[in-house]
Structure formats: structure tokens, C-alpha cells
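Enquirer: Mind having a look at this structure? Questions to follow.
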Amino acid sequence: MDMQNTDLYNYKKSEEGVFEMTTGHSDLPVNFIQNIINEDFETNKYDGRVHTRFPPEPNGYLHIGHAKSICLNFGLAVKNGGLCNLRFDDTNPSKEEIEYVESIKNDVRWLGFDWDDRMYYASDYFEEMYECAVQLIKTGKAYVCDLNAEEIREYRGTLTEPGRESPYRNRPVEENLDLFQRMRAGEFEDGLRVLRAKIDMKSPNLNMRDPVIYRILRSTHHRTGDNWCIYPMYDYAHPISDSIEGITHSICTLEFEDHRPLYDWVLDALEIYHPQQIEFARLNLTHTVMSKRKLRQLVEQGYVSGWDDPRMPTISGLRRRGYTPESIRDFCEQIGVAKSNSIVDISMLEHSIREDQNYRAPRVMAVLRPLRVVIENYPENKVEELECEINPENPGMGSRKVPFSRVVYIEQEDFREDPPKKFFRLSPGSEVRLKHAYIIKCERVVKDEKTGEVIEVRCTYDPETRSGSNTTRKVKGTLHWVSADHAVKAEVRLYDHLFTKENPDEEKDFKSCINTNSLEKLTACLVEPSLAGAAPATRYQFLRHGYFFVDPVDSTSEAPVFNRIVSLRDTWAKIMKAEKAGKS
């Protein structure tokens, strides 16, 4: 694997003033999982090997929480000269689809990682898992149970009361073998019988109270078709898959901590190679849900346009919004790896894309809600080509030409007929500078005869104040604009948080706090002519508005569509600055 594809990308200024790409965060602390790996190196626990895996279930699209797991598993492998497998946990065919398999592969590659020739499926091992189950039955460690799902829950007991043994727990080995073989042969209806591990019905850990390890499920599998009608449970399939693949460090999220004793029991009971399961805190973001079940509801019930809706926390949604893989990898490393659950402010994710694009995104002018401005003393047929820097933070990107003429458009919000105090934009009698152009003065307004709404502003300009002409005149306000005769019409989509509440999972119905104003489509926008034919999936900073992305699905050269990735306001940077000031 190429380290350049997996390290975090950042930019710093060299001694010559050129922005160079650098990798990694050398000042970040080593996480606790790396400490475990370091100890294993010292003891030669796995013969100096590091072999991880990313094991998604193909029952939906991956989200930003999975991105953290991808970065962690692949990143640890790269950092320690090891390997990382991509393994699909395809043990529940009723919810799995090829579409999800392909989307997961695309997402992992887009984030900058590659599994080389190590892509596996749990279904690759169905025969081995079946033989392992037969072995457990023969050694008296598994039995066929006829209790239904509700009865199994009832017999399991509670956190304060021990469970009761199933009346089928002590079936003879031969009977269990016969029944299990007949389960595989399809003799019994779905749910009629299960195979359970025989462990301890009095265990304080409910997961150890004779858990189900096989169930009957007639559903066509996307890889094995109808070859199987019994399927292993995840807690049984997971450790066996890890063992077969020679995984050293099986990294899971924190909800699997209570399942670790079962992971260990399966491997010990089968007397096979034993990897080490390690748990870390999953990622939770404010104003977001991270459950694939809930995300599926949003898609299927029409609250969003699809899994790749730019408001979704899915990797495909973030990609279509305009996030870069570098920004997501940076975010994942910045939040670190913890042992306890917490909620990360979504402004930290937004900060990562701002940092990523600050030195990379070309600056352009775009007017989202146009107001016509006529400069009365500017020659009617004159057009000037003004020199404008592409990115003031990165001078090496050069400059561009922007046409200026007698009629321009500014933002409606940049004009007030009756301005409040400290309003430094355009108003009757006031002066402002047009970015890269001239100082103009508002002389009068033109209103709609019926509504009284201002539809045009009449101004004059000072020809001695062209930007770059060493003029000494100063004004407090600077406005962006586009030339009326040269502007390109565009659609702009402004996105906000999908949920109004910081933690929608706390609500009785998480959909009750969906933000009905999370998407605003503006169809009468005007952008400078340099954006004519803007290629899909390119990014720009619209001056004063934020960072924007040419929508790769709906945008065309004739009718460009821009998604706002994030506004320019950076609340996370302000938080960090305040904390730093407090410590000093």
C-alpha cells in the first residue's frame, strides 16, 4: 500500500513561501491501540505481525463513523508495516445487497485505502463454520434448541436474575448432530429450531447464556444463492473469520466489549488460532444519527433523496456534498481513539474541510440573490478585464481575468434603503468598493410600482479608484459582484444540519426533529464567467459565502449546480482559539 494514499494531507509554507503538502500529525499522541501493538512487538506475541480487518455488513451505505474505523484499521496496518483485509460480514442475506457491497468498496478506495488482493466474505467460510459447529456439538458445547425467539428471551433471564436452562439443553450428541444436519437440509421451517452454544445460563454476562449461533433463514444470498438455509450469527462468524484470516488485532467498537468473552470462548472451544479483540469508542456527531437502520428509514420514507443526499452523514453523501478524503482522514485523526463514548461537535468536521480547502480552492465571485446595479457614469459599451488573484492564501495559483461593465449585480442583502447603525454596505448616499474594481456611490433607487420593492440601484463610480491603482481613498465596505452581460446562470443548494436537536437519538422519534429547512435551492444565482462549463466535482470558494462543489450528478455545462460544502464561519476554530487563550 502506498503511504501517500493513506497519510493525512496538510499544507505548510516553505522558506520560499510555497505551500507544500506534508503528511501526518507528528504532534498527536499515540492512541491506546498503538500502545497495545507496541507491547505485542516487544513480546513478539504475533511474530512481529500486525494484521487488521475492516468488516462491514453490506446492509446499507457506510457513514462517517465507518470512516473512522476504516482509517483506524487501515492506518494501523500501514503505520506498523502490516496488512488490512476488507471482509464483508454477509451472514444476514435478508438485508444485504450487491449495491451495498459496491458502495462500500468505492468508499474505502475513495478514502485512499486499498486491500490489494485481500477482499473476503464471511460467506467464503460457511462450510468451515458449519464444520466448526459440528465440532462443538460433538464435544458437547452446542445443542439444537426448539424454543422460539420469545421463549429464548424469557429463559435468558435479566441482569439481576440468572437464566434457566432450555429443556433441550441436554439432548444427546447424536440427536443434535442429526437435527443440525436436517436443519441444513431444509427440513424445518424458519425459526423452528436454532443451534445454541452451551456455556453458562447463570453467567452475569447475558451474551454467555447459551447464545444462538445458527438460525434457519430462507433468503437468497447475494453470493451463495439458495445453497444455504441456515446462517451463522455474527458473534460466531466473526471470531472464526478472524482466525482463518490470521488477524492479529480485531478492532471493534465499544458495544462489542460485552461480546468479547463470547469471541474468546468460540476460539478456545474450537482450539484454533486466537486473535485479540480490542474495543474503541464509536464516533457520534451532533445533529446526526449514525444508525444504518435509521438512515435507511430516512431514505425509504423520502426524507432525503437517497443514500448520497448531501445532508446525509454517509461517506457517499459527504462526497457528493464536496468533502475531500483528506479532510475526512484529518478529522478522524484529530478526534483520536478513545475508550469511552462521547459526542463530537459537527463543527469540528466542518473545520477540517475549511482547513483542507483554504489553500486549495480557487476564489470566485457569485451572487446568490441578485440585485441589479447600474453605474450611470460608466461608459455603456465599455468592458474592462480586471486582474483578480485566484487564492490570496496561495499566490502560486496565479490570477484570473474578470470582466467589469456598466451593469453589475450585487447581493440583495448588501443594500439597505434604511440601513441600521454600523451598516457598512450600500445604502442611499453611501460608498462601497466593488471587489477588484472601483468605489461606487448610491445615488438613487428604482422600485417596483406595485410592491414598492427595490429592484435596481443607480450609482456613480470614481474612475480614479480602480483596485491596484495606488488610490488613497478608503471605504469601510467591500462587496462582491458579477457583470450582468457576462454572468453565468446557476443553481445553488444551501445545506444545513438535517436535525434541529443536537442529539436526535434522545428523542422518542428521531424523525420528529428533522430540520425542514435543511435544504434551500436558489435557482436564479449568477456566477462569474470563469465558472462557465465548470467541471463536475470541482471546488471553489464563493467570496463571503463559503466553499462550494459542482454537483457530480445534476450539474451540466449548460446548467451548473453548486452544493455548499460549508460556510466560511468556523465555530470550531473560535472554540480552539478561546481554549488556547484560557490556558495561556
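Enquirer: Give all pairs with beta carbons closer than 6 Å in which a residue from the stretch 252-272 that is of a type in the set (Ser, Thr, Tyr) meets a residue that is surrounded by 16 or more Cβ atoms within 10 Å (Cβ to Cβ); count only pairs at least 6 apart in sequence or on separate chains.
Expert: So the pair list comes out as 253/282; 263/239; 263/277.
Enquirer: Within the stretch 403-425, identify whether any single residue is at pLDDT 95 or above, β-branched (Val, Ile, Thr) and touching a helix residue (DSSP H, G or I) at 6+ places or on another chain (Cβ under 9 Å), and answer yes or no.
Expert: no
Enquirer: Now, a different point. Of all residues being free of Cβ contacts under 8 Å to residues at least 60 places away in the same chain and hydrophobic (A, V, I, L, M, F, W, C) in the stretch 204-229, which is nearest to residue 101 (Cα to Cα)? Just the residue, please.
Expert: Out of the qualifying residues, it is 229.
Enquirer: Here is a further query. Picking from 372, 321, 354, which residue would you name as being among the basic types (Lys, Arg), touching a Phe, Trp or Tyr at 6+ places or on another chain (Cβ under 9 Å) and within 27 Å of residue 102 (Cα to Cα)?
Expert: Criteria check complete, one pass: 321.
Enquirer: Taking the criterion of being touching a residue at least 60 places away in the same chain (Cβ under 8 Å) and in a strand (DSSP E or B), would at least one residue in the stretch 442-452 satisfy it? Explain how you work it out, then say what you get.
Expert: If we filter the stretch 442-452 for residues that are touching a residue at least 60 places away in the same chain (Cβ under 8 Å), which is where we start, we get 443.
From what's left, in a strand (DSSP E or B): 443.
Yes, that holds for at least one residue.
Enquirer: Tally time: how many residues in the stretch 59-83 are crowded, with 24+ Cβ neighbours inside 10 Å and free of Cβ contacts under 8 Å to residues at least 60 places away in the same chain?
Expert: Result for the stretch 59-83: 1.
Enquirer: Could you tell me whether any residue of the stretch 471-488 is of a type in the set (Lys, Arg) and crowded, with 16+ Cβ neighbours inside 10 Å?
Expert: No, every residue in the stretch 471-488 fails to be of a type in the set (Lys, Arg) and crowded, with 16+ Cβ neighbours inside 10 Å.
Enquirer: Do we find that residue 386 is surrounded by 12 or more Cβ atoms within 10 Å (Cβ to Cβ), over 13 Å from residue 479 (Cβ atoms) and not basic (Lys, Arg) in this structure? Explain how you work it out, then say what you get.
Expert: Working: surrounded by 12 or more Cβ atoms within 10 Å (Cβ to Cβ): yes; over 13 Å from residue 479 (Cβ atoms): yes; not basic (Lys, Arg): yes.
Yes: the conditions hold for residue 386.
Enquirer: Okay, next question. Would you check if there is a residue in the stretch 358-378 being under 23 Å from residue 535 (Cα atoms) and assigned to a helix (DSSP H, G or I)?
Expert: yes
Enquirer: Further question: Can you confirm whether residue 376 is free of Cβ contacts under 8 Å to residues at least 24 places away in the same chain, in the same structural domain as residue 396 (by TED's automatic domain parsing) and either at negative phi or not charged (D, E, K, R) (or both)?
Expert: Taking the combined requirement at face value, the residue does not satisfy it.
Enquirer: May I ask you to verify whether residue 165 is out of contact with any strand residue (DSSP E or B) (no Cβ under 7 Å at 6 or more places or on another chain), under 23 Å from residue 227 (Cα atoms), surrounded by fewer than 17 Cβ atoms within 10 Å (Cβ to Cβ) and among the charged types (D, E, K, R)? Steps first, answer last, please.
Expert: Values: out of contact with any strand residue (DSSP E or B) (no Cβ under 7 Å at 6 or more places or on another chain): yes; under 23 Å from residue 227 (Cα atoms): no; surrounded by fewer than 17 Cβ atoms within 10 Å (Cβ to Cβ): yes; among the charged types (D, E, K, R): yes.
When the stated conditions are applied, residue 165 does not pass them.
Enquirer: Oh, and also: Residue check, residue 502 against (1) of a type in the set (D, E, K, R); (2) in a loop (DSSP other than H, G, I, E, B); (3) without any contact (Cβ under 8 Å) to a residue 60 or more places away in the chain, all met but one. Which one?
Expert: (3)
Enquirer: Of all the residues that make up the stretch 241-258, how many are surrounded by 18 or more Cβ atoms within 10 Å (Cβ to Cβ), in contact with a strand residue (DSSP E or B) (Cβ under 8 Å, 6 or more places away or on another chain) and not charged (D, E, K, R)?
Expert: Number of matching residues: 8.
The values are calculated or read from the model by the stated rules, or taken from the named source; none is laboratory data. Nothing here was measured: the structure is a model prediction, and the numbers come from that model. Backbone-built Cβ (ideal geometry, glycine too); neighbour counts: all protein chains shown.
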